[in-house]
Amino acid sequence: MEDKIKFMRAALKEAKKGFDRDECPIGCVIVKDGKVLSRAHNMKLSKNNPILHAEVVAIDKACRKTGDWRLNDCDMYVTLEPCTMCSGAIVQARIRKVYFGAYEPKSGAVCSCNDIFNVEHGHNHAVDFEGGILEDECAELMKAFFKKLRTKAQTARSVQDKDTSL
């Protein structure tokens, strides 16, 4: 249990980096042999690239570091339940197990909306998973991010309204 908390805290640290950069605060670390192999946060908005989710970036970094596309002996810790794209990448990279923080009821593809890891006819690789690790902390960071976005939008509308009334 201690390792799960330790590595999810590392993923949360990455998510906070994303938050500070006005990215959706999702963080990810990939662990091999009890050590962090790669870490990443979302960069979709800053790089204008829809595939730069934390999980995909972390997988790319881990593959470059190991020199192999197979990450069989690796586990992933991510602050939010992966989406369909990321779940597919996780299967393709052959990640052993995914630990995630908050469940994603709108687009989670591990168990909330879809079940990519357990499709009917199966994949060449099975991924185990466990959700709810530091769930409240992970969910609170997401809520804070969307509150920050709403506040920014409201402020921008107020400024615009003032400009048009002059």
Completion exercise
In segment 1-40, residues that are of a type in the set (D, E) and touching a helix residue (DSSP H, G or I) at 6+ places or on another chain (Cβ under 9 Å) total 3
Handout entry: Residues of segment 128-166 that turn out to be at pLDDT 80 or above and open to solvent by less than 70 Å² (accessible area, probe 1.4 Å), as a count
Key = 14
Exercise for the section: Pairs only if they're at least six apart or on different chains, beta carbon under 9 angstrom, first in segment 137-153 and assigned to a helix (DSSP H, G or I), second at pLDDT 90 or above and aromatic (F, W, Y); list them, first residue then second. Expected result: C138/F100; A139/Y103; L141/F19; A144/F19; F145/F19; K148/F19
Problem - Positions within segment 44-88 being closer than 22 Å to E104 by Cβ and of a type in the set (D, E, K, R), in sequence order - result: K44, K47, E55, D60, D75, E81
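The values are calculated or read from the model by the stated rules, or taken from the named source; none is laboratory data. Remember, it's a predicted structure, so these values are computed and weren't measured experimentally. Quick reminder, even Gly has a Cβ in these numbers, built from the backbone with ideal geometry, and neighbours come from all protein chains shown. The accessibility values were calculated without ligands, DNA or RNA, using every heavy atom of the protein model including side chains. Shrake-Rupley method; radii C 1.70, N 1.55, O 1.52, S 1.80 Å.
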